[in-house]
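Beneath this line is the structure, given in structure tokens, with notes to follow.
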Amino acid sequence: MAQGEGPLAGIKVVEFAGLGPAPFCGMLLSDLGADVIRIDRQDGEYKPWEVITRGRKSVALNLKQAEAVDVALRLIDSADMLLEGFRPGVMERLGLGPDVVLSRRPALVYGRMTGWGQTGSRAKEAGHDINYIAAAGALHGIGPAEKPVIPLNLVGDFGGGALYLAFGVLAALIQARSTGKGQVVDCAMLDGAASLMAMIYGRLSGGIWQDRRSSNTIDGAAHWYNTYECADGKWFAVGAFEKKFYDNLVAAMGFPDPENFDTQQDRARWPELRARFAEQFKTRTQAEWTEILGRTETCSSPILSMEEAVAAPENVERNLFSTLEGVLHVSPAPRFSASPDLQPGRISMVGEEQDAHLAAWGFSEGEIAGLHDRDVLKPL
């Protein structure tokens, strides 16, 4: 993507290199046109397949050096946002905490990404996605009755973490631009995962959600909202929630007794009808069911592998995937009418072209040469 394209063009972000949700947030911002400069460790490893680091400029510093911290502060002085994903207290110990930074740059939005939040009894405790979604009640609700199923790291790291951080820093930026006052955005994966569960918690409070797996409409209990194995070992997803789609589905599946399926919402019959659906799906291959169920609206879909998804016609039509320098990327999302051709940015090596990046952010040629002379920057 060319510099200056996208709805976030002109927004400058300093990102401190980390793992998981904070880099994913940086990717989202850079995908939409923000100018993101990432402060990498000098011994940081270049991973050409780590697509969540795409689209950034890299400057490699040893932040244990006071002069390297001064470089970071100079960059932050001209930024709109800062992103960091360290444990509480790390940035303060480096001399880059909110008190220091906001005193120099009052309009800055200071985005902080953690698992448990900046405060609370577990704030400094180690953890990962699975731990945060477990504490939020989300993991308990996902999977069959026998055991919870791990939803990759989509619910905590990326859904409850990166997306909420991106939403939070952009909301704070709007306020900063109208008031001149920045602030700290304390984004915790615990908070975000619980927020994603808002509808479910509301239904639990209303007495229409049972607090156990595979007991509700959308958690695997209903035969009309489930997954089924086909004759070839591949799988099909069924989401015939509304009656008209359910009726279409039952008719298309070719049951000899379709009238026996009329009681869609009779929970007492769901186990029996799930078994009937499972038996019927095993009579044909996934391709056969795709052709049969695609003749009418049934809200059903073949479950594609990741490799199959790359080649699926609906995804090709949307240009959902692309390859850049031999690495498979998912295209930026969402889509914008004013900048319809947003493309993934390159994955930079640690410290790649850092002299040019520093110059673009206001450092003079002499200053950059001096930083090299004093080993503040990674030699390339």
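Between segment 277-310 and segment 96-128, how far is it from one alpha carbon centroid to the other, in angstrom?
Cα centroid to Cα centroid, the span is 47 Å.
Say the cut-off is 25 Å between C-alpha atoms; which of Lys57/Lys181; Lys12/Lys124; Lys64/Lys124; Lys47/Lys234 go over it? Intermediate results must be reported in sequence, preceding the final value.
Numbers: Lys57/Lys181 27 Å; Lys12/Lys124 29 Å; Lys64/Lys124 21 Å; Lys47/Lys234 33 Å.
Checking Cα-Cα distances, Lys57/Lys181; Lys12/Lys124; Lys47/Lys234 exceed 25 Å.
If all Cα-Cα distances of segment 1-131 are sorted into 10 Å bins from 0 onward, what percent lands in each bin, rounded to whole numbers?
P(r) for segment 1-131, in whole percents per bin: 12, 42, 36, 9, 0.
What are the aspartates and glutamates whose alpha-carbon lies under 19 Å from the alpha-carbon of Lys282, with same-chain residues fewer than 8 places away excluded?
Once the sequence-local aspartates and glutamates are set aside, what remains near Lys282 is Glu229, Asp232, Asp257, Glu272, Glu291.
For Val101, what is the net charge nearby, where nearby means another residue's Cβ is under 11 Å from its Cβ and Lys, Arg count +1, Asp, Glu -1?
That works out to -2.
To the nearest 20 Debye, how big is the dipole of the chain about its Cα centre, given +1 on the beta carbon of each Lys and Arg and -1 on that of each Asp and Glu?
That gives the chain a dipole magnitude of about 900 debye.
What is the packing order of peptides 281-291, 202-212, taking the mean over residues of other C-beta atoms within 10 Å and listing the highest first?
Highest mean packing first, the order is 281-291, 202-212.
Quick one: net charge around Thr263, please, counting Lys, Arg +1 and Asp, Glu -1 for every other residue with C-beta under 14 Å from its C-beta.
Summing Lys/Arg as +1 and Asp/Glu as -1 gives -1.
From the Cα trace of segment 134-192, what convex hull volume per residue do you get, rounded to a whole Å³? Don't skip to the end; give the middle numbers.
Values: hull volume 3.7 nm³, N = 59.
That works out to 62 Å³ per residue.
I need Val238, Val376, Val90 ordered by Cβ neighbour count within 10 Å, fewest first.
On the way: Val238 24, Val376 20, Val90 15.
With the sparsest Cβ surroundings first, the list reads Val90, Val376, Val238.
Between segment 321-372 and segment 9-45, how many Å separate their Cα centres?
9 Å
If the viscosity is 0.890 mPa s and the temperature 25 °C, what translational diffusion coefficient in µm²/s does Stokes-Einstein give for segment 225-311 when Rh comes from Kirkwood over Cα pairs? It would help to have the intermediate numbers written out before the result.
Working: Rh = 13.3 Å.
Once the numbers are plugged in, D ends up at 185 µm²/s.
Where Rh is the Kirkwood radius over the Cα pairs of the chain, the temperature 4 °C and the viscosity 1.567 mPa s, what D in µm²/s does Stokes-Einstein return? Write out the running numbers ahead of the final one.
Working: Rh = 23.6 Å.
Calculated translational D: 55 µm²/s.
Counting Lys and Arg as +1 and Asp and Glu as -1, what is the net charge of the other residues whose Cβ lies under 15 Å from the Cβ of Ser215?
+3
Over the Cα atoms of segment 112-247, how large are the radius of gyration and the largest Cα-Cα distance (Dmax), in Å?
Taking only Cα atoms of segment 112-247, I get Rg and Dmax of 18.6, 63 Å.
Can you tell me the relative contact order of the chain? Whole percent, Cα pairs under 8 Å, sequence separation 6 or more. Let's see the in-between values first.
Working: 659 pairs, mean separation 78.6, N = 380.
Here the relative contact order equals 21 percent.
Rule-based calculations on the coordinates, nothing more; no lab input. Not measured: the values here are computed from a predicted model. Methodologically, a virtual Cβ is constructed for each residue, glycine included, from the backbone with ideal geometry; neighbour enumeration extends over all protein chains shown.
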